[in-house]
Amino acid sequence: MTQQTHPDGPAREHAADDGPAHRYNAARADDIERRWQSVWADRGTFVQPNPGEEGFDASRPKFYCLDMFPYPSGAGLHVGHPEGYTATDIICRYKKMSGFNVLHPMGWDAFGLPAEQYAIQTGVHPAETTRTAIDNFRRQLQRFGFCYDWSREFATIDEDYYRWTQWVFVKIYGSWFDTDAGEGAGRARPIEELVEEFESGKREIRVNPDAAEHDGQVRSRRFGAWASLSEDDRRLVLDSYRLAYLGEQTVNWCPKLGTALANEEVIDGKSERGGYPVFRKPLRQWMFRITAYGTRLLDDLPKLDWPESTRTQQAEWIGRSEGAEVSFELVDGPEGAAGELLVYTTRPDTLFGATYMVVAPEHPLIEAHLSVGAPGADAAELMAYVTSARNRTDVERQESKEKTGVFTGIEAINPLTGDRIPVWCSDYVLMGYGSGAIMAVPAHDERDFEFARAFGLPILDVVLPRTEAVIVRAASVATPAERDDRHWAAFAADLLGLMMSDDDAAPSEFNDRFDWALHLVRTRRSSEQVVAMQTPGSPAADVPGAVGMNRGTTRVVWLDALEELGAATHAATEELFAGRQRAVNRGEAYAAPGVAAYSVRPAEGACVALELDGLATAEAKERATSWLEDAGLGRRKVNYKLRDWLFSRQRYWGEPFPIVFDENGHHHAVSEDSLPVALPALADYQPVESDEPVPLLGKATDWVSTTAGEAGVPGLDETARVTREVNTMPGWAGSCWYYLRYCSPGAGDRFVSLDSERYWMLSPRPGVTRDEALRSGTFDETTQQLGGVDLYVGGAEHAVLHLLYARFWHKVLFDLGEVSTPEPFHKMFHQGLITSYAYQRADRSLVPVDEVEERDGAHVEIATGEHVTQITAKMSKSLRNVVNPDDVIAEFGADTFRLYEMYMGPLEQSKPWDTRAIGGMYKFLQRLWRVVVDEQTGELKIADATDERLDRELHRAVAKVGDDIERLAFNTAIAAMIELVNSATQKLGATGEGTALTREQIEKLALIACPFAPHLAEEVWAKLTAGTDLDGTLASERPWPGYDPAKLVDDEVEIAVQLKGKVKARVTVPANLDQNALQEMVLAMPEVAALIDGLTVRKVIAVPGRLVNIVAT
RNA sequence: GGGCCCGUGGCGGAAUUGGCAGACGCGGCGGAUUUAAAAUCCGCUUCUCGGUGACGGGAGUGAGGGUUCGAGUCCCUCCGGGCCCACCA
């Protein structure tokens, strides 16, 4: 007998059994669920009025709970969608029952590449396929009985919505980032204010020095009075400040998708969508100056209640680093080019060791140099290298980390050593970061080291590794006893351990720190920081006098030190004792006594001497930077990995830009009241696969070519010919602000109504009244919270995409006074992935689930009989383990589905789908039903008398379910209800015909079950209240039930009696005993006395309610 | 290569603050009911040793060590798995 075990195996028969007339089964569930869903819809149960609207209750606190709105695809909902949606549904229902005004909306993220790709495949217009998909998604979501306020539904493709998306773009376009405003952190201001500052002379007229799209030459240009400037010059300056600008930059170009992509959309050098190759290509595109917000996006992260991993990911993506920009003088630089090469470094302290320089293939210096024939280099070779680097995809660039490069023929001068150093060209330097050029310090940078080794460039040590530094120093101070062969290793290792510890008490200067460590080692004081190494068998234990740090570094330090001092280098140690010098690389020598972290060579020809000897890295960096600034050779600089956000796509299915170009090619924003710029209905939306961007909207020639009057461009003559921008916005645009629109989806005069936005987004926090929060502006100093959506649930895959983009838009809107909070999402939660079982052969290849069966408890591939191992994998078509929610609902009902997904495990964890386990939840609901409903008659089964034990369990369940919902632990909440129902079932007796719960108890049970299985709960509630005062009320509208705290504690508790930590007995004692009384009572008990008979009691630990631990020997 | 997270029965998981490990569910085994089956209800189900049995002994949260009266939980090392980032100077 074999058994199918794969998840989507044959339908389970028990789900469709006949049974008694009123049994809870799939047919009944279907009937109940559809009936209550239409009742909720008809009554508008989950319609939440806004402030000022009829039915709005201002006395209630608010709760804004947001789901990531889905991207409606043709495939319909998969089982991952309802996981997060059920979780928020439970919370919202609970919050509503607990007296909150709950905003819980749903809508559709409907513009974007996949819909367009799908349309191209099927030949059906994306507008049509998307609408069909939305209808299907809505039907599926409504079948779950989710408590969305459907009156707030919208799709990002609605003209009424994207009109405002375009409006936000115009706002950002019309803004600049004033780095001096906003208490030093910077703030967006309207561009008109910048013009005023230029006109009045308050601000020097020059190109924005932080603008990534301009090189140093443009940046250093000087301009005359504003009134005297040409239109082109004014635009050059203003555009360099605009937060949305047209910039020629090296971008990610994906020929297969026929569009450019943002950095965030490129993963491992391939497009996030489709996995197609991506090239670097200079293109003129719409960009957002998100880099201007780098500091604020980073600084506000710790104030958010977000998963640590997501905050870390964003912080790393923003990638702030502090360093210096250093100018290197070029020897015989190309004509016309500035005679300097600017680099960015985080280690200005290693400037002594810069033995060559590298520029990116796209660096302007190369272009200029080639244009004059690249003297000093093989011009053909250089040209070939630059060309091939450009034609390589990112994948190809990353495939081999082997360093390639060409000497440019140019030389520069190291300002500290005065050495002439060569300038190379290599693609390991990226044009997009820093200045696209580096000073190479091969001794202390792994990449520079590899490059230097590959091309035979000099390597010069300038930072003495800590370990070496300590050992060298130790050798110079060691007493004869310490130099004793047996003690030397221990002595040096102890010093190392202390030097490398992160102890706060340790001095920061290398020399002081060394003395501190030396003192501790010599006095052998067992302070809190220093504990003896007690590991038997460890190397330390064999070394006399060993002292180690009880820290993570101990063992590492030890092994390092022993290796350092062991067989390999013992001879070198001997040399140190002899006071001989230690050679390093090119024959440079460290001074023997007093050697510390740094070794400095005299700076031949340098104007000022830079002394770094003995400094720790942080201090050396600081001193080097100051020196550079004093010498006029560089400046302090903060850099970000974050690049400006490429915002245009050459595709059809997206929001058109509200931008036109006049006959001079100047861009103009469309006026607010001319919005929306409607997407033209293109019949031919086939993309053109090309090496050059061919925006599809170009095909709509009538639409593209229009007049200023037609397009609604203020400041131009009505009849002036203008051309529309033919790029479209990326799929992210609509999701950047949808959570705001939900606050007032119908608002016609504003993107969101002021009052609604303030109410739903600016939450009063615990201890702060709403009025106080409003008065204090936006930031709540007391709780350090920034307001925003109270709970946002969605996948972790958006950590650096949607969640970063939305924060950026929100901050701009905040700066402009359009929204009241600096952050959009206060609390973020990621639901885990729902995976599925799959099977793996011995060679790790995968087998689809339907080709595997279970024989004698082992999984076997049917075709070959080969044993396979069960693993978990992402659901995929090829593994044939995708589960369709519609099928599951048809077989068990939505309540069972909801319960099952919530019961699988912690919400944030990824969990495998197990079709067999669904039956468990189905049976639970059947039992719950049977406990209160007579399966023969359909009448309620109401007990006359309260069973005290059962009542305690009920109160406990009420308390636990409420607590567990608050902390999003739905699995344990459900377990508590199962336990209660199981107890009640037992009370029914063997025949199942008895009664278990009183009317009041059934009420409570129905109410706590309501957030989880709302349809079943309503049905029970309706039966219960028929003919009473509450007739016609809904369970969903009732308050969350209370419980009696007195019923949570028992009079007596069973505690464990431990003897030396081992449980030896269990005794029952009164629950209210304090520690002393408990100890006395337990020790006096005969069974305990027997335990300790003949032993001496050394110590007794009594923990009331838990245990008594007796230490006796 | 770097960062983050996780290892608990045959499986999913529970143990909220360092205090009786394995709640609850799946699967499995046994029983009641039934002409029979399904469904339902009840019981058992970490491993191991001893005992016909009620029961008793021992071990046990990836491995090893540490702190503690007491460790799944805290610290260290190692092993295994997952996720994210990845030439960012």
Margin query: List pairs: first residue in segment A:359-375 and more than 14 Å from A:Phe407 (Cα to Cα), second residue acidic (Asp, Glu) and surrounded by fewer than 22 Cβ atoms within 10 Å (Cβ to Cβ) anywhere in the structure, Cβ distance under 7 angstrom, at least six positions apart or on different chains.
Written below: A:Pro364/A:Asp215; A:Val372/A:Glu335
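Identify, from the list A:Glu1052, A:Glu1080, the residue that is under 23 Å from A:Arg956 (Cα atoms), open to solvent by 50 Å² or more (accessible area, probe 1.4 Å) and either within 14 Å of RNA strand B (Cβ to nearest atom) or not hydroxyl-bearing (Ser, Thr, Tyr) (or both). Can you show your working first?
Values: A:Glu1080 fails: under 23 Å from A:Arg956 (Cα atoms).
Answer to the selection: A:Glu1052.
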Margin query: Looking at segment A:121-171 only, could you name the residues that are hydroxyl-bearing (Ser, Thr, Tyr) and under 20 Å from A:Phe46 (Cα atoms)?
Written below: A:Tyr148, A:Ser151
Notebook entry, point to check: Considering segment A:626-666 alone, what residues qualify as being within 16 Å of RNA strand B (Cβ to nearest atom), open to solvent by 40 Å² or more (accessible area, probe 1.4 Å) and over 27 Å from A:Glu265 (Cα atoms)?
Noted result: A:Leu633, A:Arg635, A:Arg636, A:Lys637
Next item on the list: Give A:Arg741, A:Arg758 a once-over and let me know the one that is in contact (Cβ under 8 Å) with a residue 60 or more places away in the chain, open to solvent by 50 Å² or more (accessible area, probe 1.4 Å) and among the basic types (Lys, Arg).
Entry: A:Arg758
Next item on the list: Run A:Leu416 past the list (1) more than 8 Å from RNA strand B (Cβ to nearest atom); (2) touching a His at 6+ places or on another chain (Cβ under 9 Å); (3) open to solvent by less than 10 Å² (accessible area, probe 1.4 Å) and report the number of the one that doesn't hold.
Entry: (2)
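Residue-by-condition table, conditions (1) surrounded by 10 or more Cβ atoms within 10 Å (Cβ to Cβ); (2) away from RNA strand B (no atom under 16 Å from the Cβ); (3) more than 11 Å from A:Leu1107 (Cβ to Cβ); (4) modelled with pLDDT under 95:
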| position | (1), (2), (3), (4) |
| --- | --- |
| A:Ala1026 | yes, yes, yes, yes |
| A:Leu1034 | yes, yes, yes, no |
| A:Trp1040 | yes, yes, yes, no |
| A:Pro1045 | no, no, yes, yes |
| A:Leu1048 | yes, no, yes, yes |
| A:Val1057 | yes, no, no, yes |
| A:Ala1065 | yes, no, no, yes |
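Please work out if A:Ser599 is polar (S, T, N, Q), surrounded by 14 or more Cβ atoms within 10 Å (Cβ to Cβ) and modelled with pLDDT under 50. Break it down stepwise before answering.
Numbers: polar (S, T, N, Q): yes; surrounded by 14 or more Cβ atoms within 10 Å (Cβ to Cβ): yes; modelled with pLDDT under 50: yes.
Taking the combined requirement at face value, the residue satisfies it.
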Next item on the list: Could you please find all residues in segment A:912-945 being open to solvent by 30 Å² or more (accessible area, probe 1.4 Å), more than 10 Å from RNA strand B (Cβ to nearest atom) and touching a Leu at 6+ places or on another chain (Cβ under 9 Å)?
Entry: A:Asp934, A:Leu940, A:Ile942
Checklist line | Single residue of segment A:861-909 satisfying the filter (open to solvent by less than 40 Å² (accessible area, probe 1.4 Å) and more than 16 Å from RNA strand B (Cβ to nearest atom)) that is nearest to A:Leu846 (Cα to Cα) | finding: A:Glu861
Notebook entry, point to check: When segment A:996-1024 is examined, which residues are found to be open to solvent by 10 Å² or more (accessible area, probe 1.4 Å) and outside any helix (DSSP H, G or I)?
Noted result: A:Thr998
Next item on the list: Mind listing whichever residues of segment A:947-966 are modelled with pLDDT of 90 or more and open to solvent by 70 Å² or more (accessible area, probe 1.4 Å)?
Entry: A:Arg956, A:Lys960, A:Asp963, A:Glu966
Checklist line | Residues (open to solvent by 20 Å² or more (accessible area, probe 1.4 Å) and within 30 Å of A:Tyr118 (Cα to Cα)) located in segment A:57-68 | finding: A:Met68
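Take A:Glu411 and tell me if it is open to solvent by 10 Å² or more (accessible area, probe 1.4 Å) and over 26 Å from A:Leu628 (Cβ atoms).
Working: open to solvent by 10 Å² or more (accessible area, probe 1.4 Å): yes; over 26 Å from A:Leu628 (Cβ atoms): no.
In short, no.
Per-residue answers, yes or no, for (1) hydrophobic (A, V, I, L, M, F, W, C); (2) touching a Gly at 6+ places or on another chain (Cβ under 9 Å); (3) modelled with pLDDT under 90; (4) part of a loop (DSSP other than H, G, I, E, B):
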residue	(1), (2), (3), (4)
A:Gly709	no, no, no, no
A:Glu718	no, yes, no, yes
A:Val726	yes, yes, no, yes
A:Leu740	yes, no, no, no
A:Cys743	yes, no, no, yes
A:Gly748	no, no, no, yes
A:Phe751	yes, no, no, yes
Next item on the list: Assess whether A:Glu993 counts as being of a type in the set (Asp, Glu), more than 8 Å from RNA strand B (Cβ to nearest atom), out of contact with any Cys (no Cβ under 6 Å at 6 or more places or on another chain) and assigned to a helix (DSSP H, G or I).
Entry: no
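Is it fair to say A:Gly224 is small (Gly, Ala, Ser), more than 27 Å from the chain's Cα centre (by Cα) and under 15 Å from A:Val207 (Cβ atoms)?
On the way: small (Gly, Ala, Ser): yes; more than 27 Å from the chain's Cα centre (by Cα): yes; under 15 Å from A:Val207 (Cβ atoms): yes.
So A:Gly224 fits the description; yes.
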Notebook entry, point to check: Are any residues in segment A:260-308 within 11 Å of RNA strand B (Cβ to nearest atom), within 13 Å of the chain's Cα centre (by Cα) and open to solvent by less than 70 Å² (accessible area, probe 1.4 Å), and if so, which ones?
Noted result: A:Glu264, A:Pro307
Next item on the list: Please go through segment A:363-378 and pick out each residue that is surrounded by fewer than 16 Cβ atoms within 10 Å (Cβ to Cβ) and touching a Pro at 6+ places or on another chain (Cβ under 6 Å).
Entry: A:Val372
Next item on the list: Could you list, in sequence order, all residues of segment A:14-56 that are open to solvent by 60 Å² or more (accessible area, probe 1.4 Å) and at pLDDT 90 or above?
Entry: A:Ala27, A:Asp31, A:Arg34, A:Arg35, A:Ala41, A:Asp42, A:Arg43, A:Val47, A:Gly52, A:Glu53, A:Glu54, A:Gly55
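Residue check: is A:Met439 open to solvent by 10 Å² or more (accessible area, probe 1.4 Å) and either of a type in the set (Gly, Ala, Ser) or under 24 Å from A:Pro255 (Cβ atoms) (or both)?
On the way: open to solvent by 10 Å² or more (accessible area, probe 1.4 Å): yes; either of a type in the set (Gly, Ala, Ser) or under 24 Å from A:Pro255 (Cβ atoms) (or both): no.
Here the answer is no, as A:Met439 does not meet what is asked.
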Next item on the list: Could you please give the count of residues in segment A:134-145 that are in contact (Cβ under 8 Å) with a residue 40 or more places away in the chain and open to solvent by 10 Å² or more (accessible area, probe 1.4 Å)?
Entry: 3
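In segment A:1083-1096, how many residues are within 13 Å of RNA strand B (Cβ to nearest atom), of a type in the set (A, V, I, L, M, F, W, C) and either open to solvent by 60 Å² or more (accessible area, probe 1.4 Å) or in contact with a helix residue (DSSP H, G or I) (Cβ under 6 Å, 6 or more places away or on another chain) (or both)?
Of all residues in segment A:1083-1096, those within 13 Å of RNA strand B (Cβ to nearest atom) come to A:1087, A:1090-1091.
With of a type in the set (A, V, I, L, M, F, W, C) added as a condition, the list becomes A:1090-1091.
Applying the additional criterion that residues be either open to solvent by 60 Å² or more (accessible area, probe 1.4 Å) or in contact with a helix residue (DSSP H, G or I) (Cβ under 6 Å, 6 or more places away or on another chain) (or both) yields A:1090.
Selection size over segment A:1083-1096: 1.
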Checklist line | Answer residue from segment A:951-972, given it is touching a residue at least 12 places away in the same chain (Cβ under 8 Å) and basic (Lys, Arg) and is nearest to RNA strand B (Cβ to nearest atom) among those | finding: A:Lys960
Notebook entry, point to check: Within the set of pairs 6 or more residues apart or between chains, which connect a residue that is surrounded by 18 or more Cβ atoms within 10 Å (Cβ to Cβ) inside segment A:150-162 to a residue that is among the polar types (S, T, N, Q) with Cβ atoms less than 9 Å apart?
Noted result: A:Trp150/A:Gln142; A:Arg152/A:Gln48; A:Arg152/A:Ser744; A:Ala155/A:Thr130; A:Thr156/A:Thr165; A:Thr156/A:Ser735; A:Ile157/A:Thr130; A:Tyr162/A:Thr156
Note to self: What's the number of the only condition in (1) under 30 Å from A:Val958 (Cβ atoms); (2) within 14 Å of RNA strand B (Cβ to nearest atom) that A:Asp1074 fails to meet?
What the structure shows: (2)
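The values are calculated or read from the model by the stated rules, or taken from the named source; none is laboratory data. Since this is a predicted model, take the numbers as computed values, not measurements. Note that each Cβ is placed from the backbone with ideal geometry, even for glycine, and that neighbours are counted across all protein chains shown. SASA here: full protein model, heavy atoms, side chains in, ligands and nucleic acids out. Shrake-Rupley method; radii C 1.70, N 1.55, O 1.52, S 1.80 Å.
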